[in-house]
Amino acid sequence: MTVFAAADQPTLEDFGNDVWWIVLIKIVGIFGVLVLMTLFAIVFERKVVARMQQRIGPNRVGPRGYLQSLADGLKLAFKEDIMPALADKPVYFLAPVIATVPAFLAFSVIPLGPTVSIFGERTPLQLVDSPIGVLIVLAASAMGVYGIVLGGWASGSTYPLLGSLRSAAQMISYEIAMGLSIVAVFLYAGSMSTSEIVAAQADGTELSFFGLEFTGPSWFAVLLPVSFVIYVIAVVGETNRAPFDLPEAESELVGGFHTEYSSLKFALFFLAEYINIVTVSALAATLFLGGWRAPWPISIWDGANTGWWPLLWFFAKVVVALFFFVWLRGTLPRLRYDQFMRFGWKVLVPVGLVWILVVATLRAVARESDLDAGQVAVFVGVPIALVLLGGLLLASRMRNRDTRVAAREAAAGGPAPAEPQVLDPRDRDRASGGFPVPPMDLVVPPSPRLRRREAVGAGTVVGTGRRSSSTTPEETDDV
Amino acid sequence: MSVLAMEVAALEIGAAAADTGVVIGTGETIVFWVLAPVALAGALGMVLSRNAVHSALWLVATMLSLGVFYVVQEAPFLGAAQIIVYTGAIMILFLFVLMLVGRETSDSVVETLRGQRVAAILLGIGFAGLVGAGVARATEDLPVVGLTAVQGTVGGPAAGNVEAIAAVLYGRFVLAFEVTGALLIVAAVGALLLTHAEREPGTARSQKERSRARFLTDRPQTLPGPGVYARANSIAAPGRLPDGSPAPSSFATGVEPVQVDELPRTGSVGAEREGLPHAGGTDAALGTIGGGTTGPVPGSGEGAPR
């Protein structure tokens, strides 16, 4: 696909020539954007999840509760910093830093907009770019794993260690799937630089469909649907988000790798997690959703892709991606660990490999027969993807057939009871169907240490909260 | 020590390059003089730290610095691959294993071979000197053209590092590349074969089937653990049934079940314990099976195995 060198589209030569104060402005700007996006993402997530659960969500601090995460962050900074006695002190101290720094670094290659004018200087709205742009994000996420792994190990406690072991295995596995999903994008864009990938999605192919002339889709999400789906699934695993949040599964591991962390160190982990979510959302927008370029109806307007407007489209796409993350969290239950690993290795990775093979074949065929790659993708790739999706849909319907039949019968007045059956909780005979309750006259066996003091105390029931030396039936025939 | 030698060699190469008059930018010089000590310190730290995880971390620092060196020397793809593959995947796997080993596995300071440390230091320095001197001599009078001349830059004829590597890897060295790939596959399949448990196809029951089978037995719940309802944590202490008798299902395989000393009898007013502090803390108050370390609690049975 040819790169359309529009006037505002930065190319690789445009980078590295900035004045020092422009670079400084960009660095501070990206830092500020990331911190603000983190604060926003936390409130946004809490509010959206609350709506999904029929609640209101944070609504006290600031206008409509939007300053809640700022207040929480300030409170977090002033809490007591606890160093566990068994912690490996230097590593325990370093781990949150190692988690946070790469998270910030990764965002430096994300293109936020076209070439704009800052105080008279023409410069692209992107800190750096390089021929290996996207690999920098991958490298940063690979480094970010260390923060989590070391944090869990250095805490000197069991749950964090289990959490960090899980996260090590999980992030390595899903990073492979993520890398494989991006390869097809590289093949189509002909570059690994983020700005050139955005440029490659600038214009759709001119297609003639039974005499009907129209411009085909240009987003890689449409041209490479399988890659997009694998990428989305893999980054959810990569960022430890629900339903793949096994390293910090509350119901299993307390807090996972950050169980022992408090105060600013915990805040850094939290910050890193949300920055990672923002980064992978931004990368999804860049690689698959056309980057900062306006989506179709807006792109008819000529000025949509010039000046500072693209910043708006870009962040709209990022927020949509963030919403998707929250939606997943609000909808899906957490996977069991072995199912999760099996899914990564036995589904995502093979599908990714086969897909790369298909894409490479299509590219080769397109080049041999002098077809435009976009045409091949639209006329061959999209139908294949549709057939695949249709097949999957049919398969899942076949599998759930029994359930659907049962549900239909139940709806038609089957054996399901009309009213909910209320069981008597005090029915202690479990065989008759009452649900189990603790025995109401439970008596705690005597403690040998308290016996001396309460030697003459009469037996009391548990409810009083006092330990007693009353005899229990079990104790009388003790051997 | 080999990492150290590599570092020294890298230093020497840097010096050699500087001698031949290739222009090295200010940024590159600064990066080199900042990161070269970091890389060296990482190599030394890896050898000298006692804790295995700390060693791994020092090695990570060295590998990261090497990756940045590659990037600075106009081989960005190599640098990214170094960071993603070596630092990101291989070292994480190392850490994974080290963490499973446990955190209290520091090296012993006792030398098992006499004079090993001195010999290792001397040999290491000698080896580093040899390699460094050899590389320095070999590259002394070579004209240094820089990577740009070979691979071109962006917009140039050869279009840069990524394209140049691709051309070399899939053109000139494609056979070596394929053979290396085959070798790695063979290694992976071999490891799978060695660790794979031989099972008849179809005999492995799924989790669902096992769960169903378990609920058809008399005991759908887990077996009682030894010592759960007992007064000691030992695996030899069987779980207790409600009447206080040991639960046979909780007997550990291969260990003679040992009954723990009793609680004070019903009706005891604790007079037999008057004036006796809990010598062993809570453990003593809870009773033991051996009576060796904390001692039996006086008056509450013999404390010895019965």
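For first residues located in region B:199-224 and touching a residue at least 24 places away in the same chain (Cβ under 8 Å), partners that are assigned to a loop (DSSP other than H, G, I, E, B) and among the aliphatic types (A, V, I, L, M) and lie 6+ apart or on another chain with Cβ distances below 8 Å form the pairs B:P224/B:A247.
Condition check: within 14 Å of A:F107 (Cβ to Cβ), surrounded by 18 or more Cβ atoms within 10 Å (Cβ to Cβ) and in the same structural domain as A:F44 (by TED's automatic domain parsing). Does A:A285 satisfy that? Yes, satisfied. Among the residues making up region A:130-141, those that are under 23 Å from B:F94 (Cβ atoms) and either touching a residue at least 40 places away in the same chain (Cβ under 8 Å) or surrounded by fewer than 24 Cβ atoms within 10 Å (Cβ to Cβ) (or both) are A:L135, A:L138, A:A140, A:S141.
Of all positions in region A:144-155, none carries a residue that is surrounded by fewer than 21 Cβ atoms within 10 Å (Cβ to Cβ), within 10 Å of another protein chain (Cβ to nearest Cβ) and either at pLDDT below 85 or part of a helix (DSSP H, G or I) (or both). I need the full set of residues from region A:9-59 which are surrounded by 14 or more Cβ atoms within 10 Å (Cβ to Cβ) and within 15 Å of A:V116 (Cα to Cα), in order please. Hits for region A:9-59 are A:Q9, A:P10, A:T11, A:D14, A:F15, A:D18, A:I22, A:V23, A:I25, A:K26, A:G29. Look at B:A191 and say whether it is assigned to a loop (DSSP other than H, G, I, E, B) and modelled with pLDDT of 70 or more. Judged against the criteria, B:A191 is not a match. When restricted to residues that are of a type in the set (S, T, Y), out of contact with any Leu (no Cβ under 7 Å at 6 or more places or on another chain) and in a helix (DSSP H, G or I), region A:261-293 contains 3.
Here A:F323 passes the criteria (1) in a helix (DSSP H, G or I); (2) in contact with a Lys or Arg (Cβ under 7 Å, 6 or more places away or on another chain) except the one numbered (2). Quick check: is even one residue across region A:107-115 part of a helix (DSSP H, G or I), within 30 Å of B:L95 (Cβ to Cβ) and not hydroxyl-bearing (S, T, Y)? For region A:107-115, residues part of a helix (DSSP H, G or I), within 30 Å of B:L95 (Cβ to Cβ) and not hydroxyl-bearing (S, T, Y): present.
The values are calculated or read from the model by the stated rules, or taken from the named source; none is laboratory data. Nothing here was measured: the structure is a model prediction, and the numbers come from that model. Glycine gets a Cβ as well: all are built from the backbone with ideal geometry, and neighbour counts include every protein chain shown.
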